[in-house]
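S.K.: Can you keep this structure in mind? I'll have questions shortly.
The values are calculated or read from the model by the stated rules, or taken from the named source; none is laboratory data. These figures come from a predicted structure and were not determined experimentally. All Cβ positions, even for glycine, are placed from backbone atoms using ideal geometry, and neighbour counts span all protein chains on display.
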Amino acid sequence: MAASYSLTSTIYVNISELEPERSSFGIKLVRVIRCYRQPSSHKADPNGTLELILHDEIGDRIHASMDYGVFKDKKLDIIEGNLYKFMTFMVAHDMSKYRTTTNPFKLRLYNSTSITPFQDSDFPSSMYNFRDLFEIANDIAVQNFQLLDVIGRVVSYQKPTFVAKLSTNRMDFKIANTQGRELGCSLWSEYIDPVLEIFEKDDPRPIIICIQFGKITRIFDEIKVSNTFHVTKVTVNGETDVFKNFLDGMVPDAAGNQNNGIAEEFHDIYALFKNNAAQMSDISILTKVTETKNYWIDATIFSVETKGECWYRSCWKCLKKMPMDERNRKCFICGEDNFNDNFRYKIEVMVADIGGCAALMMWDTNCNTLIGKSAKHMKQLNDKAGTVIPRELKEALVDKRVLFEVKCPANKVNKDVPQFTVNRVVVDEDIFHIYAANYTPTKGSTTGSKNKVHEMDDDASSRLMKGKGKMDIDDKLEDETDVEEGI
C-alpha cells in the first residue's frame, strides 16, 4: 500500500524515514543525481515517465517517478546536481528488476506534487557511489541487479561489432583503476559513437571514463559492467573533481611516468595475430597470474574428460539449460515454449603445451568450430551408438593442435591440474602461418621470442598422465551469449 505525503504540516523527514504507512510529512532538501526520460513499453502511453534519482544531506538515496506528460504540463526545469524541495507525493515499494538505489521504496510524483528549486552552498554532494574495480572483477559483494558507478582509465578497446541476435552494435573495452587493476566494460547501441570518437583521437592524455548506473554482466566466471538503456550515464574526461582526483591518484610506472596509452584490441582474430596483438603465454605462466586476464596458448588436446554427456538441452530463445524431461517444454527462465529440441555443447578437454597441462571447458560456439558438427547432430549419432562420448567426437578433438584464448582468473589456479574456460579457438591454417612467423613458444614467457622452440620438459609430460585431473565446474550453465541478453 502506498502512502501520501503532503505539506499540510511543515514537518520534513529524511529519505531513510520515509515509510508507506506514514503521512503528513514532506521530504527534506534533496539533490538530483540523475534525471532521464524512460519510454513506455505500452503503445497507449506515448509519453513514458520522468525518472529521478535523489540523495539527501545524509547521502541516502531514493528513486522517484512521474508521468512525462504531467512533467511537461508543469513546465519544470530539473537539472542534475541542483537542489529541490518536494511536496505531496506517494511512497511505494520499488519493484524494479534493476535497482538504482538500495532503498526498498520509491516516490511516485503526480499532478499535485510541488518541486521547488533551492539554493544551499553548504549542502553536501554525493553524486557518485563508486565501486572498486578489483572488487567487481573478483566478485566481492557484487549484486547482479544493483546498478553501480565505476571510473577508470581506458587501457584498450575493440571496434564495435554487430550482434545479429539483438540487431544492434556492441563495443568492448577495458578500464583500470589508479593501481592498474583492470575491469572489462561494454557499451551498446547509441552509447557507442560519442565514446568511440574520443577513443580514436590522437591525444596523448589519458582517457578517463565514468559509468554511472552501469549493469553487472556475467560471462562464465568473468564480470563486466555495461550500460542499461536510459538510466546509464557515460562521461569521458569530465571537468568535475572526481576526474581530477582520479588523475592525481594514478600510480606512475617504473620510469616515473603515468601510463596514458590506449591500445586497440581486435575482434577479428586474423587482424589480432597479423598486428602482433595476441597476448601469448603457456600454462606454466597462467598458473601464476595475479590479475584476471585473457591469454592465448598453443596447445594440443590429448583427451576428452567430460563427465556424462557432452551436450545439454537448451532453450532456443535464451539458450539457458532446460531439463531433459520430454514433458517439460517451457523454459523456466524466459517462459518460451520449446517444441523442437535444441542442444548445445559443453565439453571438458585436457590439453598440453610447452609449459604443462590444463583442463579446459569449451562451450557450443568453440566446440562447433573444432568438431564441425552440431550438438544435435552428434547426439543423434550417439543415440544410435549408445556410448557416453561419441567416437566421432573423440576423433575430431583428440590430437588436434589449437590456439586457445583462455580466461585466466586471478589467484584462483591452485590445483595440480589448472582449469580454465575457453573464450575463442583458432585452427585456421593461415592464422597458424602468421603465428609461426611472429611468435616462437618459449616456456615461461608471455610474449614469445624468435630464439628457439623449447620442447615440453619431462616434468610437464609426466603431469599429463597423472590422474587426468577433473574440473569441478559449477553445474549452473552460463552461456557465451549472456553478455548479449537483457540489455
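S.K.: Answer yes if at least one residue in region 100-122 is in a strand (DSSP E or B), of a type in the set (S, T, N, Q) and closer than 25 Å to residue 233 by Cα, and no otherwise.
M.R.: Checked region 100-122: at least one residue is in a strand (DSSP E or B), of a type in the set (S, T, N, Q) and closer than 25 Å to residue 233 by Cα.
S.K.: Out of all the residues in region 157-167, is one or more crowded, with 20+ Cβ neighbours inside 10 Å, outside the structural domain of residue 318 (by TED's automatic domain parsing) and not hydroxyl-bearing (Ser, Thr, Tyr)?
M.R.: Among the residues of region 157-167, not one is crowded, with 20+ Cβ neighbours inside 10 Å, outside the structural domain of residue 318 (by TED's automatic domain parsing) and not hydroxyl-bearing (Ser, Thr, Tyr), which makes the answer no.
S.K.: Given (1) closer than 22 Å to residue 230 by Cβ; (2) surrounded by fewer than 18 Cβ atoms within 10 Å (Cβ to Cβ), identify the lone condition not met by residue 112.
M.R.: (1)
S.K.: Could you figure out which of (1) part of a strand (DSSP E or B); (2) out of contact with any strand residue (DSSP E or B) (no Cβ under 7 Å at 6 or more places or on another chain) isn't true of residue 165?
M.R.: (1)
S.K.: Okay, next question. Testing residue 70 on (1) outside any strand (DSSP E or B); (2) free of Cβ contacts under 8 Å to residues at least 60 places away in the same chain; (3) under 30 Å from residue 208 (Cβ atoms); (4) more than 32 Å from the chain's Cα centre (by Cα), one condition comes back false. Which one is that?
M.R.: So residue 70 meets the others, but not (3).
S.K.: Is it true that some residue in region 19-30 is surrounded by 14 or more Cβ atoms within 10 Å (Cβ to Cβ) and at pLDDT 90 or above?
M.R.: yes
S.K.: Going through 94, 60 one at a time, which residue ends up being more than 18 Å from residue 149 (Cα to Cα), free of Cβ contacts under 8 Å to residues at least 60 places away in the same chain and not aromatic (Phe, Trp, Tyr)? Walk me through how you get there before you give the answer.
M.R.: On the way: 60 fails: more than 18 Å from residue 149 (Cα to Cα).
Unique residue meeting the criteria: 94.
S.K.: Okay, moving on. Is it true that some residue in region 49-70 is at pLDDT below 85 and surrounded by fewer than 16 Cβ atoms within 10 Å (Cβ to Cβ)?
M.R.: No, because not a single residue in region 49-70 is at pLDDT below 85 and surrounded by fewer than 16 Cβ atoms within 10 Å (Cβ to Cβ).
S.K.: Between a residue in region 307-320 that is over 19 Å from residue 396 (Cβ atoms) and any residue that is buried (at least 17 other Cβ atoms within 10 Å of the Cβ) and of a type in the set (Ser, Thr, Tyr), which pairs come within a Cβ distance under 7 Å, given they are 6 or more apart or on different chains?
M.R.: Cβ pairs passing all conditions: 320/314.
S.K.: Also: Among (1) modelled with pLDDT under 85; (2) of a type in the set (A, V, I, L, M); (3) not in a loop (DSSP other than H, G, I, E, B), where does residue 44 come up short?
M.R.: If we test residue 44 against (1) modelled with pLDDT under 85; (2) of a type in the set (A, V, I, L, M); (3) not in a loop (DSSP other than H, G, I, E, B), just (3) comes out false.
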